[in-house]
Amino acid sequence: MSSTTLPDRLAINPKSPHYDEALLSRGIGIRFNGVEKTNVEEYCVSEGWIRVAVGKTVGRDGNPMTMKLQGTVEPYLRNAASDGEAPAEG
């Protein structure tokens, strides 16, 4: 089984310098403070934050309005998991 090191920071917005289409197409899951999050726009593991969309609201530039939440960020590859469970990291 090949292990892929996920980047410290990743964004889903193609305009972001932290965007990686190839990696996103593989399916990234995020656990934030032990809870699975599906609405993450961007994350940073070393700084311990995620940006989540706030409803359907968009800003002047057409991007979703986001809120930054502080906590423990654990990204993982979804397709490496079996039956939707995240692989154990240690």
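The table below gives the values:
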read-out	value
Simple label model, 7 Å out from Cα along Cβ direction - Asn33 to Asp61, nm	2.7 nm
Region 23-70 - convex hull of alpha carbons, volume per residue in Å³	102 Å³
Label-to-label distance, nm, for residues given as Leu77 and Ser16 (7 Å Cα→Cβ offset)	2.0 nm
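Since every read-out is calculated from the coordinates, none of them should be taken as a lab result. In this text, all values refer to a predicted model and were calculated from it rather than measured experimentally. Backbone-built Cβ (ideal geometry, glycine too); neighbour counts: all protein chains shown.
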